[in-house]
1. Just a yes or no: is a residue in the range 163-175 surrounded by 18 or more Cβ atoms within 10 Å (Cβ to Cβ), at pLDDT below 95 and under 30 Å from Gly282 (Cα atoms)?
2. Which members of the range 248-305 meet the condition of being hydrophobic (A, V, I, L, M, F, W, C), touching a strand residue (DSSP E or B) at 6+ places or on another chain (Cβ under 9 Å) and within 14 Å of the ligand (Cβ to nearest atom)?
3. Which of the following residues is modelled with pLDDT of 95 or more, in contact with a Leu (Cβ under 7 Å, 6 or more places away or on another chain) and surrounded by 19 or more Cβ atoms within 10 Å (Cβ to Cβ): Leu325, Leu332?
4. Do you know which of the residues in the range 313-334 that are part of a loop (DSSP other than H, G, I, E, B) and within 6 Å of the ligand (Cβ to nearest atom) is nearest to Glu236 (Cα to Cα)?
5. Which of the residues belonging to the range 225-254 are modelled with pLDDT under 95 and either farther than 20 Å from Gly175 by Cα or of a type in the set (Lys, Arg) (or both)?
6. Go over the candidates Phe275, Phe310 one by one and state the one that is modelled with pLDDT of 95 or more and within 30 Å of Asn171 (Cα to Cα).
7. State all residues of the range 364-394 that are over 25 Å from Glu204 (Cα atoms) and at pLDDT 85 or above; if no residue qualifies, say none.
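The values are calculated or read from the model by the stated rules, or taken from the named source; none is laboratory data. No experiment lies behind these values; they were computed from the predicted model shown. All Cβ positions, glycine included, derive from the backbone under ideal geometry; neighbour counts span all protein chains shown.
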Amino acid sequence: MSTLKKFGMGKVFLQETILAEIQDIFVIIDKQKCKALNIKGLLTHGLSNIICGFAFGERFSHDYEEFQDVVNLIEECFTLGSHDSWITIFPLLRFVPIKSMRGNYKQFSKNFKKIFNFAKKLVENHKQNLDGSEETRDYIDEFLRQTDIDKKANKMDSTFDMDQLITSITNLFIGGTETTSTTLRWAFIFMIENPECLQKCQTEIDEYIESANISTDMIQMTDKPFLPYLQATILEIQRCANIATLGGSTMHRNLAATTLAGYNIPKDTYIAANFYSVHVDGRVFPHPDKFDPTRFLSDDLKSVQRHPAFIPFSIGKKSCPGESLANMELFLFISNFLRRYNFNVPNQSSQINSKIFYTTSLTRAPHDYQISFVNRNNDNNNNNDNFKNVPIGA
Ligand code: HEM
């Protein structure tokens, strides 16, 4: 996974790929003409395509069935995996013929295998199409190049081989789609629950676009420093969403005995960090139940201040390798959605309550919901019956 950090996750060329996916989603949403839809599938598809762009240099349309199946399998992996699965701690349980002991291990590994096979097919195609040039097109090119260097140097302990490559791409699909998609689905919920905050974000965006005389259709990464309130809102969404409650269910094991905060931790103990407890600790984040982006702003509200206790991606050597890509995705998706749309949940407004409207599996994710989007630049939208009776965010 360290190769991911090395091979340029979050580099500027990814911006184009991300913006293309957002624009594709906008086209589909606009065709809905404000009718409510479940945004989850569209987001997961777009985010998986971003991984495809990074890994293989290609993308798949929303109608391509084989890819759609893989996207569904990824989503399912996150509902199958659960903290209560003892198998994470006692791997031998997977051989016990009692389902309650095994959890969903069998189905999970079946899904993993199918995603693995899909990645394998794409890697093989990609290998055949290698053009022999020195230029690195994507992650696979870089990986294969490194494999070649290690081979020529007779490096016996090289970790660059085909299986490793396909496994790491499969891990990217699984680790890099549902996490961001879930955070975005939380973002809509927090914006609906806090309309004054949505309004402030939209005003900040509108004023900036006007004053800077921005001509492009889409907000880009270079615009980020000029939108401090929006940035702080994204951090607050992540803090309150708390999607990786127990470290995203990734278990760690200490290779040597140690002492932590006065506790002796014997060698080989299974350890899961409780990020949830940090993000709701009132000593660090006063009134932690309150959605308040200004906690991440300086006193004059002009610059963003991150807090060391804000750790949605974990910390240290094993922290999320996709952090910079995820930060880019969150900024580009959220800023462009808020600039373009107002939104609401016409049929579920009484159910939506961020304190209870979620389920915890591998991630802490909102239940499915139907959301309508109204283009802020198109007055005709407001004639839509579906939206007439519903108060909109701003
Ligand atoms: C908002 C989005 C995301 C959040 C909150 C998040 C959070 C996390 C967390 C907490 C971990 C566990 C770290 C640990 O074990 O201590 C993790 C692992 C991981 N993440 Fe992310 N992540 C996000 C997006 C992404 C993206 C976009 C990618 C890929 C492009 C990605 C790829 C991975 C992978 C492959 C691992 C496993 C790393 C390993 O086993 O060493 N994540 N993530």
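1. So the first thing to find is which residues in the range 163-175 are surrounded by 18 or more Cβ atoms within 10 Å (Cβ to Cβ), and the list is 165-166, 168-175.
Next cut, at pLDDT below 95 only: 165-166, 168-175.
Filter once more, so that each one left must be under 30 Å from Gly282 (Cα atoms): 175.
The answer is yes; a qualifying residue exists.
2. Listed by number, the residues that qualify are Met251, Ile271, Ala272, Ala273.
3. Values: Leu325 fails: modelled with pLDDT of 95 or more.
Residue meeting the stated conditions: Leu332.
4. First, pick out the residues of the range 313-334 that are part of a loop (DSSP other than H, G, I, E, B): 313-322.
Remaining after also requiring within 6 Å of the ligand (Cβ to nearest atom): 313-314, 318-322.
Values: Phe313: 14, Ser314: 16, Lys318: 23, Ser319: 20, Cys320: 19, Pro321: 21, Gly322: 19 Å.
Only one residue tops the list, namely Phe313.
5. Arg253, Asn254
6. When all the criteria are applied, what remains is Phe310.
7. Arg364, Ala365, Pro366, His367, Asp368, Tyr369, Gln370
Per-residue answers, yes or no, for (1) farther than 30 Å from Ala20 by Cβ; (2) polar (S, T, N, Q); (3) surrounded by 20 or more Cβ atoms within 10 Å (Cβ to Cβ); (4) at pLDDT below 90:
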residue: Arg283; (1), (2), (3), (4): yes, no, no, no
residue: Pro288; (1), (2), (3), (4): yes, no, no, no
residue: Phe296; (1), (2), (3), (4): no, no, yes, no
residue: Gln305; (1), (2), (3), (4): yes, yes, no, no
residue: Val345; (1), (2), (3), (4): no, no, no, no
